[in-house]
């Protein structure tokens, strides 16, 4: 995986081995924290040079946040700690990242959050700072309880309740002038069998961010920034999959579209030249909890930076060879990818890709593979850029209909398992969904859904492209599947069927 993406997990093992021996547990009973005249005792404090760290499941932390009307969630799958408030405002910490977000604004953290004995630890004073409370210190704790400006209590209205006049957690920013705002011209909800499509019409350019809360909340919302709602507020039923769609103008320059979901359905977001499309599917997934992007002409430009007619803003890709499929077996040659025992990612991906090729050729398709044996595509021990671009060049130079890259996932522990399908450009989404649907229905493996990620090969392909992480070599059950020739054949069949499904409808 090292040539395709640097994820938090891939760098975590070394960081943890260094960090776990450097913390001494503080005496919580001797160091209570004063909050608005109340005593809060943190039971899991550990000290490091940047200040105290507290576990995300610490009762004192939960008491503090609950008193402010919020909640704390540790998302082990995605390695995030979220502090969420009605409105909603979200403070998010990512394991291994020395920055945290308040909404979409990044702030430096005292130190990177880490995992110790299965518990996630975050910088306590950064949490307190985000809540506008005094910092924790032994000296302060020994003194009289500190007082602070009361935090806002729970908001009784729904997800899209108007925010306070002065947002308590947002960094003050000058308000844009009215003529600088994009216009949300409407929200259209279309209910189909097994899915709901929500189309947000927008004129102008801008950025968005989305968040979701897991069960039991099952709330999902997207904030369109620097935008004005050009219609009346909207409250609409979205059928069985989306019990409510609510659209409101938030503080002056943000439009929020909030969805009430009965369960953890898959939600995909695809920005475009004239708005944002949201697709809710009737598959339960352990999906990501936040994401962001841009819309308008800047979204199209960012989607594919290659200078070609197919990548020009607003243009639809037209393949010069519509019967050609390009398959990219991940890694190869000097880059084995993920390894466990004698099993190497580069050989598994090659085997699966060859099986996909044979199935597609039998159906009358032309197929080119970026490699057909154990070799580097560009050169041995080459740079990641040269190697990845060489793979894209195979597809881009031939005017292929689409590109699918095949990989094997890995993590620092054995917990994560299952398949995930990645896309980045707006034109990739339908392909990724088609692949994910077939894999879910034909294999029965845990499906982590369709995930938007700026992976090089997907981003720099001018045609629709997707990357399939077939299973986790680090998980014992998935490892056994990857060793099975019959299972690889079933995976190849599902990928081939997904490719054909996409070509028949696009």
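The values are calculated or read from the model by the stated rules, or taken from the named source; none is laboratory data. Keep in mind that this is a model prediction, so the values were computed, not measured. Cβ atoms come from the backbone with ideal geometry, glycine included; neighbour counts cover every protein chain shown.
For this structure, a couple of remarks:
- The numbered conditions (1) crowded, with 19+ Cβ neighbours inside 10 Å; (2) farther than 19 Å from residue 369 by Cβ; (3) over 22 Å from the mean Cα position of the chain (by Cα) are all true for residue 491 except (2).
- Considering only residues in the range 459-482 that are touching a strand residue (DSSP E or B) at 6+ places or on another chain (Cβ under 9 Å) and more than 16 Å from residue 419 (Cβ to Cβ), the one that is surrounded by the most Cβ atoms within 10 Å (Cβ to Cβ) turns out to be 461.
- Test: residue 232 is at pLDDT 70 or above, out of contact with any helix residue (DSSP H, G or I) (no Cβ under 8 Å at 6 or more places or on another chain) and in a loop (DSSP other than H, G, I, E, B): yes
- Leading residue by the ranking (modelled with the lowest pLDDT) among those in the range 183-223 that are outside any strand (DSSP E or B) and under 14 Å from residue 295 (Cβ atoms): 205
- Residue within the range 89-97 that is modelled with pLDDT of 80 or more, surrounded by fewer than 17 Cβ atoms within 10 Å (Cβ to Cβ) and assigned to a loop (DSSP other than H, G, I, E, B) present: no
- Qualifying residue in the range 323-334 (condition: free of Cβ contacts under 8 Å to residues at least 24 places away in the same chain, more than 26 Å from the chain's Cα centre (by Cα) and surrounded by fewer than 17 Cβ atoms within 10 Å (Cβ to Cβ)): no
- Residue among 201, 206 that is surrounded by 18 or more Cβ atoms within 10 Å (Cβ to Cβ), over 14 Å from residue 262 (Cα atoms), in contact (Cβ under 8 Å) with a residue 24 or more places away in the chain and touching a strand residue (DSSP E or B) at 6+ places or on another chain (Cβ under 6 Å): 206
- Residue in the range 475-484 that is part of a helix (DSSP H, G or I), without any contact (Cβ under 8 Å) to a residue 24 or more places away in the chain and either touching a helix residue (DSSP H, G or I) at 6+ places or on another chain (Cβ under 6 Å) or farther than 16 Å from residue 326 by Cβ (or both) present: yes
- When 226, 277, 254 are checked against the criterion of being surrounded by 16 or more Cβ atoms within 10 Å (Cβ to Cβ), free of Cβ contacts under 8 Å to residues at least 40 places away in the same chain and not assigned by TED's automatic domain parsing to the domain that holds residue 83, a single residue qualifies: 254.
- When every residue of the range 50-59 is checked against the conditions, none turns out to be in a strand (DSSP E or B) and at pLDDT below 85.
- Search result, residues across the range 434-446 that are surrounded by fewer than 20 Cβ atoms within 10 Å (Cβ to Cβ) and in contact with a strand residue (DSSP E or B) (Cβ under 9 Å, 6 or more places away or on another chain): 443, 446
- Taking the criterion of being touching a residue at least 40 places away in the same chain (Cβ under 8 Å) and farther than 18 Å from residue 110 by Cβ, the residues of the range 36-64 that qualify are 36, 37, 38, 39, 57.
- Strands (runs of 3 or more DSSP E) fully within the range 348-433 that include at least 2 residues being in contact with a helix residue (DSSP H, G or I) (Cβ under 7 Å, 6 or more places away or on another chain), assigned by TED's automatic domain parsing to the domain that holds residue 450 and surrounded by 23 or more Cβ atoms within 10 Å (Cβ to Cβ): 402-409, 419-423.
- Test result for residue 271, more than 12 Å from residue 218 (Cβ to Cβ), outside the structural domain of residue 459 (by TED's automatic domain parsing), modelled with pLDDT under 85 and in contact with a strand residue (DSSP E or B) (Cβ under 9 Å, 6 or more places away or on another chain): yes
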